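Read the structure below first, then the notes.
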Amino acid sequence: MKKQFEDTDFDASLKKLNSNLMWKTKHKQDLKKRIITDIEKLDSQEKNKNPILSTRIKKVSLIRKLAYSSIALIILLGLFISSAFVSPAMAEVVSKIPFLSSIINKKSISDILSEELKEYNIYGPSITFTTKEINITVGGNEQYYKSVKDEIEGIVKDILQSQNYDAYKIKVDRYKDMGEDVPKKQIEELEKWRKKDKEILKALEYMNKKYNPLQLSVVTGSDFSKRTVEIEIPDTEPKSTEEIKKEVTKIIQTTREQYSVKIKKIDMEKLDQDKRWRMILDSITEELIGKKDYKITLTGYSINPEPRIDIWVSLKSSDPDSRVHGEQIEQVLKEYLNSKEMQPLVKNDSYTINVYSKDKKKIN
């Protein structure tokens, strides 16, 4: 149930929030221009980039990171400046949940940790959002690992504290080479197939120019010998998938290797939409998951049939504050998504925001 504010309380809250959002006009305009420039660069890169033949390894580009940090800027420019103050109840909501403004021009916590820990021969770090865990993997032998483990944990704790992240757990493990746990025969088998995969991909390089494939890769099941060449082709390609499959199969047969072939045509509009909404979610997840005040345990998105953002919180639906908390999370995200600066990513997409309780009931 929403607590009612007296007029004096509301006025005080409004003044306090307004003072926290004060920005010099020139500084605000300069920052807006930077957002637009970064997003235009991103669009240009996406349109002109050349496809690459590779195994399926996902990496975040520098442009994408710039876009993330710049997009985050809009929180101070638009969040709760108008619609958030339509009622005293909403003012109470705002006072209880931190602004997303703290992510403005901010590096990801993974990048910050990597820079600070580069002298320690670490692999990673990585963040597992489902368990709110930051994983640091240390190279070197067991003795070295034991000598630096506590020191690394201390550094990570200090960095998290300085960034106001209080919800992440820390896990420091030792990196083990494959040979330490995997039988030699299995390693040799793996290396043999990796070499064959490379030969197959090289034989199919011509497809980059002929069909402009989005992705060409080799995948395998639990049995190394059961391997499939997967090729994703834009849905604008006039040739049928069967025609392309026959052509690829013919090339593979010349290598005398046993690979099956799978061709898939990709909806280019949906692909673009998926990229945009993945970027939107990535730009806010680290902040939402990393701070206890948000009470968020998991974030997700989908574009089918229409875009939506799903948020799960640690409150049960029976908790007296769960409904208010769900509504305030929705309001924070709507202000973020509806701002002028976010339009290059949101575009004209219709979207929904769902906030779920711990017992999987919708609370907004």
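Things to note:
- Placing dummy labels 7 Å off each Cα toward the beta-carbon, the span from Glu242 to Tyr206 is 2.3 nm.
- For segment 134-199 versus segment 282-299, the gap between their alpha-carbon centres in whole angstrom: 25
- Centroid-to-centroid separation of segment 309-364 and segment 243-265 [C-alpha atoms, Å]: 46
- Too-long pairs where the Cα-Cα distance tops 24 Å, listed order kept, from Lys118/Lys149; Lys209/Lys246; Lys275/Lys347; Lys226/Lys246; Lys107/Lys157; Lys107/Lys146: Lys107/Lys146
- Environment charge of Lys360, counting only residues whose C-beta is closer than 12 Å and scoring Lys/Arg +1, Asp/Glu -1: +2
- Of the beta bridges in segment 253-355, as assigned by DSSP with both residues counted there, near 60 percent are antiparallel.
- Point-to-point label distance, Asn141-Glu269, nm (Cα→Cβ direction, 7 Å offset): 6.2
- Label-point gap, in nm, between Thr228 and Lys361 - each point 7 angstrom along Cα→Cβ: 4.1
- Given in Å, the Rg to one decimal and the Dmax to the nearest whole number for the Cα atoms of segment 186-269 are 13.3, 43.
- Taking N as the residue count of segment 153-303, its C-alpha radius of gyration divided by 2.2 N^0.38 Å amounts to 1.49.
- The Cα-based radius of gyration and maximum Cα-Cα distance (Dmax) for segment 110-217 are 19.7, 55 Å.
- Projected-area average for segment 127-176 over all orientations - Cα convex hull basis, square nanometres: 3.5
- Residue-normalised accessible area of segment 111-263, given per residue in Å² at a 1.4 Å probe: 62
- The slack between Lys157 and Glu257, meaning 0.36 nm per residue of separation minus the straight C-alpha distance, is 30.9 nm.
The values are calculated or read from the model by the stated rules, or taken from the named source; none is laboratory data. Please read all numbers here as calculations on a predicted model, not as lab measurements. Don't worry about glycine lacking a Cβ; one is built from the backbone with ideal geometry, like all the others, and counts go over all protein chains shown. The area values use the complete protein model at the heavy-atom level, side chains included, leaving out ligands, DNA and RNA. Shrake-Rupley method; radii C 1.70, N 1.55, O 1.52, S 1.80 Å.
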